[in-house]
Amino acid sequence: MRLKYVLNEVLVGLWRNVTMTVAMIITMSVSLTMLGASVLLYMQVDQMKNFYYGEIEVSIFLRDDVTDAQKSAIDQAIANNALTESRQYESKQDAFKKFQVIWRDSPDFIKSVTPDSLPESYRVKLKDPEQYGAFADQMRGMQGIQDIVDQRELLKKVFDIFNSIQLMALVVAGVMALAALLLVGNTIQVAAYSKRREVAVMKLVGASNWFIQAPFVLEAVAAGLVGAILGFVFLFISKVVLLDGRLQALTNVLTPIPNGNVWLMLPLLAGVGALVSAVTAWVTLRFYLRV
Amino acid sequence: MIQLENVTKTYPKASRPSLDNVSVGIEKGEFVFFIGPSGSGKSTIIKLLLHEVSPSNGKVVVNAKDVTTLRSWKIPHFRRSIGCVFQDFRLLPNRTAYENVAFALEVIGKTKAVARRVVPEVLELVGLGGKEHRYPHELSGGEQQRVAVARAFVNRPLILLADEPTGNLDPDTSIEIMRLLDRINRTGTTVVMVTHDSNIVNQMRRRVIEIESGRIVRDQARGVYG
Ligand SMILES: Nc1ncnc2c1ncn2[C@@H]1O[C@H](COP(=O)(O)OP(=O)(O)OP(=O)(O)O)[C@@H](O)[C@H]1O
Ligand SMILES: [Mg+2]
């Protein structure tokens, strides 16, 4: 019975001030989308670091027209170099197999690539990865080398970009969260004002504090949850449309985002949305519904 | 039942105390008038008893509970043993007489079934039988105050506090409300009533406590307005 009363109050409350409710939900969902994007990026960078840093440090890509003699000269030079710890030859086939593993979630992308379009390479682990410059200088003059790439440097640049995107997303999330909080606070004030007679009577006859406050807090929580669900939907759609679709080019550097991670955002956003709204509502009530 | 011991109340920002070292005891089942000029501190006493404000000094005991040391989360439960009526009725305009009284029950956790049994009974008691489904604006002032009394009494409180309950009513209606409160008092409920109405006080010949500038200047067992 009391539950029914409280739920009814919540629905009536949300409907009574429907423009505010909508504003609340929109800001909340934008903020939570940004939060979710930022967390996803964070997880992504982490995953990529694990994936790449454990792998070969310096790649020496060979020209398509490299001769066997050139190849063995390069192999010898690497083996004899004092900086080398270990080396590994990667054929076009090897490269393609690896490629298939990394992009297993994007079969279309795999289809567009053949083993021939990938270069052969030597993957060299240095005793001290910082010595990359010296090592590259010593190797650079050799015939048949297309390019020498220190993956660490390359990855660092990529990760720096990701980190700044993540930071930007966090800042937007924070600013929107602030706006959402102010809206929640204001909505609660308006609601408390429009129900001031009921609240006065409830206090007079000794209704418990939680009973007086619950409808207001739940109103905010409901808006927070709807915002979170919307935010999650935005996030999911963006992932599908942008990364899996249009911006597939980007996925040359980005390892695919597992759908499991994206689903993980639903409970996270819902939890954050509900908790933040509840706390804001409750704090606002402490000022506007003094017992 | 009610004990004020050396109670002083100075509101924040006020230059002088609204109640100044007041001590008074009220027994179970008593009927007490508080009278005195405007601003003398009568409503402040009611607020202290309800724990709407706390005393600056001294002790307030209601129903054997020291209100001064009552934890704030216990206040709601404490208030359920006290009924309250005010000059301005304080009814919910969008609810009928029945709903206004039932609301008071529902928000303290009573079921609808209980309300269905008790509310008609108490509305009958206050003389509103047959007007249960009128909205406040469809009732006269006296009738609205009866609804308020029904709401205050429906929970069978030990104490009924009334702050100028007849302040907005004409003399005849005032007498009717007064009779109603008297009837409630006869059920054993302690009634504390603040009033300016000399007529009523003189007719009832009950205990009269007169306050002036926050001090008790008279406490008479079968007093008159004076
Ligand atoms: N919240 C408050 N803040 C400051 N002063 C207050 C406050 N409430 C009441 N007072 C002061 O306390 C004194 C007593 O007020 P109280 O309301 O108890 O008077 P009263 O006897 O009920 O008067 P009336 O007959 O006009 O209702 C008055 O001087 C009033 O100005
Ligand atoms: Mg007063």
Residue B:156 versus residue B:1: modelled label distance in nm, points set 7 Å from Cα along the beta carbon direction
1.6
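With contacts defined as alpha carbon pairs under 8 Å and 6 or more residues apart, what's the relative contact order of the stretch B:94-146 in percent? Walk me through the intermediate numbers first.
Numbers: 37 pairs, mean separation 24.7, N = 53.
Relative contact order comes out at 47 percent.
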Simple SL model, points at 7 angstrom along Cα→Cβ for residue A:163 and residue A:196; separation in nm is 5.3
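Send over a whole-number figure in Å² for the accessible area per residue of chain A, probe 1.4 Å. Walk me through the numbers before you get to the answer.
Working: 15280 Å² over 291 residues.
Per-residue accessible area for chain A comes out at 53 Å².
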Chain B: angle of helix B:141-153 to the longest principal axis, Cα-based, in degrees nearest 10
80
In whole Å, largest first, the alpha carbons of chain A cover along the principal axes 96, 36, 27
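Total accessible area buried between chains A and B, 1.4 Å probe, in Å² to the nearest 100?
Details: alone 16160 and 10740 Å², together 25220 Å².
Rounded to the nearest hundred, the buried surface is 1700 Å².
Where does the stretch B:1-113 land on Rg(C-alpha)/(2.2 N^0.38 Å)? Let's see the in-between values first.
On the way: Rg = 16.1 Å, N = 113, 2.2 N^0.38 = 13.3 Å.
Working it through for the stretch B:1-113, the quotient is 1.22.
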Positive-end residue of A:3, A:44, A:103, charge dipole of the stretch A:1-137 with Cβ unit charges
A:3
Of the residues A:79, A:17, A:139, the Cα lying farthest along the dipole of the stretch A:14-164 towards its positive end, which is defined by charges on the beta carbon of Lys, Arg, Asp and Glu, belongs to A:17
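Check every DSSP H run in chain A and write down those whose alpha carbon atoms cover 30 angstrom or more along the long axis and whose mean Kyte-Doolittle hydropathy is 0.5 or greater.
A:18-53, A:151-194, A:209-238, A:259-288
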Straight-line reach from residue A:157: which lysines have a Cα under 18 Å away, not including same-chain ones fewer than 8 places off?
A:49
What is the set of long-range amide H partners of residue A:145 at a cut-off below 5 Å, with H atoms built 1.01 Å from backbone N?
A:63
The set of residues whose placed amide H lies less than 5 Å from the amide H of residue B:19, leaving out same-chain residues fewer than 5 positions away, is B:9
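Going from most exposed to least, what order do A:168, A:202 have by accessible area with a 1.4 Å probe? Could the numbers behind the result be given before it?
Values: A:168 125, A:202 5 Å².
Descending accessible area places them as A:168, A:202.
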Assuming 0.36 nm per residue, please report the length gained on full extension of the stretch residue B:65 to residue B:133 beyond their Cα-Cα distance.
20.7 nm
Where the eigenvalues come from the Cα gyration tensor of the stretch A:21-129, what are the semi-axes √(5λ) of the equivalent ellipsoid, largest first, in whole Å?
42, 19, 9
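For the stretch B:36-106, which whole percent of the accessible surface, found with a 1.4 angstrom probe, sits on carbon and sulfur atoms? Show your work: numbers first, answer last.
Working: 1380 of 2860 Å².
C and S fraction of accessible area: 48 percent.
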Sort A:5, A:89, A:288 from largest to smallest accessible area, using a 1.4 Å probe on the heavy atoms of the protein chains.
A:288, A:89, A:5
Cα-based equivalent ellipsoid, the stretch A:147-240: semi-axes from gyration tensor eigenvalues, Å
48, 13, 11
Among all the lysines, which ones have a C-alpha under 27 Å from residue A:195's C-alpha, if same-chain residues fewer than 8 places away are not counted?
A:4, A:203, B:47, B:74, B:110, B:112, B:131
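Give me the mean projected area, in nm² to one decimal, of the convex hull enclosing the Cα positions of the stretch A:74-167. Walk me through the numbers on the way to the answer.
Numbers: hull surface 31.1 nm².
For the stretch A:74-167, the mean projected area of the Cα convex hull comes to 7.8 nm².
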Put simply, what bits of the stretch A:169-215 lose 40 Å² or more of accessible area when the other protein chains are there, versus the chain on its own (1.4 Å probe)?
A:197, A:198, A:201, A:204, A:205, A:206
Across the stretch B:19-31, in residue order, what do the Karplus-derived ³J(HN,Hα) couplings come to in whole Hz, using 6.51 cos²θ - 1.76 cosθ + 1.60 with θ = phi - 60° and x for Gly and Pro?
10, 10, 6, 8, 10, 7, x, 10, 7, 4, x, 6, 10
Let me check the size of the protein assembly as shown from its C-alpha atoms; what are the radius of gyration and Dmax in Å?
38.7, 127
Rounded if a/c under 1.5, otherwise prolate or oblate - the stretch B:109-189, Cα gyration tensor axes:
oblate
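The values are calculated or read from the model by the stated rules, or taken from the named source; none is laboratory data. All of these numbers come straight from a predicted model, not from anything done at the bench. Backbone-built Cβ (ideal geometry, glycine too); neighbour counts: all protein chains shown. Side chains are part of the model used for accessible areas, which takes the heavy atoms of the whole protein and leaves out ligands, DNA and RNA. Shrake-Rupley method; radii C 1.70, N 1.55, O 1.52, S 1.80 Å.
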